[in-house]
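Here the structure comes first, spelled out in structure tokens, and everything after it is commentary.
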């Protein structure tokens, strides 16, 4: 970072309006940049590293006495890396944000598509499935906090419909939105696998007829309400010593209603560093 003051073409110093005083005495909790696209490298359980594109938000707190923050510095901090943000660099980035912007608290959020190769259940044909993932990291007064969030699409089949209908049961695509804090490594793949086995059946990008038969029958043999889906996921989290806090949201995009069905469970484990 240069220490020289910026000047215009006439050699005059350019004023720094962000550093001017503000008399309203209102601190700002978060100020910064959002919707910034940037390449990142994410740990992949099977292939070590996966390269993808993230939508990034970088924010800090702003004391009441300052009019504004220096927005360009957020981008400069990213550009100081090797043109790709590695997940191992998240907290060093937050530290740089605190230093460059004179902040007590720094937030970094990265939303990105994560891809897994899945084989169809009968034919074994491979295809890629994408999952929406979010990393949210915070550093404040020396304390580091990290939350992993994963959106997992699934299939659910209604137990009530199966019980009362003569010819079948209604099913639908659903989505489980999971957020966890942990005291050890929790892979994105681990979260996806837990959610998928908690549903009536998992989803695939590529299915041939024999695969479709399997998926349809698998869902019929394993009906779950949206409440069941949320509880099934939470039961596994409760028994996982790595996870200290979780929030599980299950939502079914109902096929026989014009509304969705929803359930949410949030908790932390006593004695662990949960939120």
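Structure notes:
- Share of alpha-carbon pairs per 10 Å distance bin for region 30-268, given as whole %: 7, 27, 29, 21, 11, 4, 1
- Alpha-carbon Debye profile of region 131-275, log10 I(q)/I(0) at 0.09, 0.13, 0.16 Å⁻¹: -0.32, -0.61, -0.85
- The peptide list 217-230, 200-213, put in order of mean Cβ contacts within 10 Å with the highest first, becomes 217-230, 200-213.
- Prolate/oblate/rounded call for region 160-202, Cα gyration tensor, a/c under 1.5 rounded: prolate
- Cα gyration tensor shape for region 38-139, rounded if a/c is under 1.5, else prolate or oblate: prolate
- Cα long-axis angle, helix 226-238 against the chain (0 to 90 degrees, to the nearest 10): 70
- Cα gyration tensor, region 102-168 - rounded (a/c under 1.5), prolate or oblate: oblate
- At R0 = 25 Å, FRET efficiency that the Cβ-Cβ distance of residue 208 and residue 167 yields, to 0.05: 0.50
- Simple spin-label estimate for residue 24 and residue 262 gives 3.1 nm between the two label positions (7 Å along the Cα-to-Cβ direction from each Cα).
Read-outs: derived from the displayed coordinates by stated rules, not from any lab. All values reported here derive from a predicted model rather than from experimental measurement. Cβ: placed from backbone, ideal geometry, glycine included. Neighbour counts: every protein chain shown.
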